[in-house]
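Structure, as structure tokens:
The values are calculated or read from the model by the stated rules, or taken from the named source; none is laboratory data. Here the structure is a predicted model, which means the values were calculated and not measured. Cβ: placed from backbone, ideal geometry, glycine included. Neighbour counts: every protein chain shown. Side chains are part of the model used for accessible areas, which takes the heavy atoms of the whole protein and leaves out ligands, DNA and RNA. Shrake-Rupley method; radii C 1.70, N 1.55, O 1.52, S 1.80 Å.
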Amino acid sequence: MRRLFNNHANAYGSGFMSPPVAPPGWSRWLVPPAALSVHLSIGQAYAWSVFKPPLESALGLSGTQSALPFQLGIVMLGLSAAFGGTLVERKGPRWAMTVALVCFSSGFLLSALGASLEQYWLIVFGYGFVGGIGLGIGYISPVSTLIKWFPDRPGMATGIAIMGFGGGALIASPWSAQMLESFGGDSSGIALAFLVHGLSYAVFMLLGVLLVRVPRTEKPVESGPSVLAGPQVSANQAIRTPQFWCLWLVLCMNVTAGIGILEKAAPMITDFFADSSTPVSVTAAAGFVALLSAANMAGRIGWSSTSDLIGRKNIYRVYLGVGALMYALIALFGDSSKPLFVLCALVILSFYGGGFATVPAYLKDLFGTYQVGAIHGRLLTAWSTAGVLGPLIVNWIADRQEEAGRHGASLYGLSFVIMIGLLVVGFVANELVRPVHPRHHVPAPKEPAHVQRQQSESA
Amino acid sequence: MSSDSSQSPPSPDRRWLIAFAWVWVGLPLAYGLYELVRKATQLFTG
């Protein structure tokens, strides 16, 4: 097993692009900020909407057109995470963070050029295609390294990084808005804002590139478990196991349920209390959306850390089981009590964030650390699927209900029933997760003949 | 495998590096959280 670690470490090679092995005295607490510097940057993607109105007026675009860079970016995130995962495992976190930095910043710089030349296709290509590759590679870049540094608390470690992805939008949203206000919403102002974003994110992400280190040994914590404890499964073998597809279903259902609220949060709370004595104003609805973002972020670090204490399977039982209960409470009593509605929605969103953050540690428990980053990348296709499924269900049903003359809370009743059904499907899939069959494990390398001879002589 | 030298306590230089790294990521995050709290309070005041 030890040789598996050495073989794996040697496969990185040497030079700047290889992950430098931590020198003596290196603290593992330097790795989470390295991961955060990447995730806080690429999390900007969820603040793209800030650029939509100025782009629409400056370049004469429709709402659908102005959403294209973001949509392509998310598609590229899923594709590059799924197909680039094995490469990330082979080349190491420093290489991955460098690729993420170059692609994400170049995406902004190309967009700046596109805005100044008023060539919208260049913004779509730059931010969506090039930047999207940076999103996917950046998202999975620190996962495997964090798990190796924190074998005793993998849930907390990945929770910190993935919380950063949620936090990135919180930073970028007001920052980008203020920048556009200063530079102006015309094409040259947008171009300047893109340029500043590209340069700032390059400098900010550089910390991650410079700080990231892989542990010197398989046991980075004296009292903790070995990195190589438990079964080790390659990414190619992992997707041949029922466990991978059960987890795929669990993630997809959990994310769909979260998006079910997130997608229409503002109109939902307004519709729910439209006929009450205290209707919800537009500003209050915006406050509700902000509160949901806070719950999403808190869930990522809070629930993922809790999973280190109560176990991965149990925490997903909570996400999916209690999540279904929360949806039932909203459907039955949500329109009669505003605090109950808000509380249930916050819990659902905290489970949504928790589901994202806990899944790398769940993968580590099942498949080991050997290629956990690559396996995680492939599992993220569940996110892409849910990103289409969630909004589709909620919007389509709400539109049909409106056409049928319904209004208020009854617009969402059927959506909630479907969400409960999806969560139950996820719950069952989680129950079906069992330890991976040994035939999928990476075989331990055979000892050379002379070592075997020495061992038999000393026995 | 030899005992892990990364387990030894960080030197004073590294403690500064740890502090710097956390401040580097903590400051923008604190700004984002401040803006979030400002907006979220609108639910109760708006």
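Some observations on this one:
- Working from the Cα coordinates of chain A, the gyration tensor eigenvalues give, after taking √(5λ), semi-axes of 39, 29, 17 Å in decreasing order.
- If R0 is 25 Å, the Cβ-Cβ spacing of A:VAL388 and A:GLU118 corresponds to a FRET efficiency of close to 0.20.
- Taking all Cα pairs closer than 8 Å and separated by 6 or more residues, the relative contact order of chain A comes to 23 percent.
- Here the accessible area of the stretch A:8-211 is 69 percent carbon and sulfur, with a 1.4 angstrom probe and all protein chains present.
- Of the DSSP H helices in chain A, those that are both long (alpha-carbon extent of 20 Å or more along the helix axis) and hydrophobic (Kyte-Doolittle mean at least 0.0) are A:63-91, A:93-117, A:154-183, A:187-211, A:242-262, A:282-310, A:338-367, A:381-403, A:413-431.
- By the helix-only formula, in which each DSSP H run with n ≥ 4 contributes -39500 (n - 2.57) and the sum is divided by residues, the protein assembly as shown has a 222 nm mean residue ellipticity of -23500 deg cm²/dmol.
- Contact order relative to length of the stretch A:235-440, as percent, for alpha carbon pairs under 8 angstrom and 6 or more apart: 41 percent
- With the convex hull drawn over the C-alpha atoms of the stretch A:235-440, the volume per residue is 107 Å³.
- Calculated FRET value between A:ALA404 and A:SER336, using beta carbons and R₀ = 22 Å, to 0.05: 0.45
- For the stretch A:21-41, residues shielded by at least 40 square angstrom of accessible area compared with the chain on its own, probe 1.4 Å: A:GLY25, A:TRP26, A:LEU30, A:PRO33
- Within the stretch A:187-201, backbone nitrogen closer than 13 Å to the virtual label 7 Å beyond the Cα of A:VAL282 toward Cβ: none
- Qualifying GluC sites (Glu not before Pro) for the stretch A:51-155 [loop in DSSP, other Cβ within 10 Å: at most 16]: A:GLU118
- For A:TYR412, net neighbour charge (Lys/Arg +1, Asp/Glu -1) across residues whose Cβ lies under 15 Å away: -4
- Heavy-atom accessible area per residue - chain A, 1.4 Å, Å²: 37 Å²
- Contact order for the stretch A:8-211, expressed relative to its length and based on alpha carbon pairs under 8 Å spaced 6+ residues apart, stands at 36 percent.
- Separation between Cα centres of the stretch A:26-78 and the stretch A:194-232, rounded to whole Å: 22 Å
- Loss of accessible area when A meets B, both sides summed, Å² nearest 100, probe 1.4 Å: 3200 Å²
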